[in-house]
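Here's the structure, in structure tokens; my notes come after.
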Amino acid sequence: MSDLNFVRVKGIALAVADLERANRFYGETLALPPDTIHHMESAYLIGDAIVMLKSQAEWYASPSDQLNPRITVETQDAFATEAALKERGVTISDPVTLYDGTPVGAFLDSEGNKIWFCSTPKRE
């Protein structure tokens, strides 16, 4: 661990053009549970991390796959995650590819933000 003591991603804020559409995507399409602990509107949980959706009017920022931070979510099986996302009609921007043995892919949310996902390769 570095001297900065970073442990894990705790919160991710994403600029969205259409808050209602983004809430449907994260809450229904991805079926993420809402964050009821911190009493935030438009916030969902991925494990212990909070994904907070902020409208452009609140944030003065536009969704973009070029300027947004790279957000990567760990999954149990990146290939299975990709298949499940496709079944839900989610756009896969980067099909799962092996990088140094690690399966990594990405999809676009309802606002065009690129969300990456990966899984730890199985050791034999």
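Any read-out appearing in this document is the output of simple, stated calculations on the displayed coordinates, not a laboratory observation. Computed from a predicted structure; not experimentally measured. Virtual Cβ from ideal backbone geometry, glycine too; neighbours counted across all protein chains shown.
Per-residue 3J(HN,Hα) values for segment 21-34, derived from phi via the Karplus relation 6.51 cos²θ - 1.76 cosθ + 1.60 with θ = phi - 60°, read 5, 5, 4, 5, 4, 6, x, 9, 5, 7, 6, 7, x, x Hz in sequence order (x marks Gly and Pro).
Fewest neighbouring Cβ atoms within 10 Å first, the residues Tyr44, Tyr99 line up as Tyr99, Tyr44.
Ranked by the mean number of other Cβ atoms within 10 Å of their residues, highest first, the peptides 26-36, 10-20 come out as 10-20, 26-36. Using C-alpha pairs below 8 Å separated by at least 6 residues, the relative contact order for segment 11-118 is 27 percent. Ranked from largest, the principal axis spans of the Cα set of segment 11-118 equal 40, 29, 24 Å.
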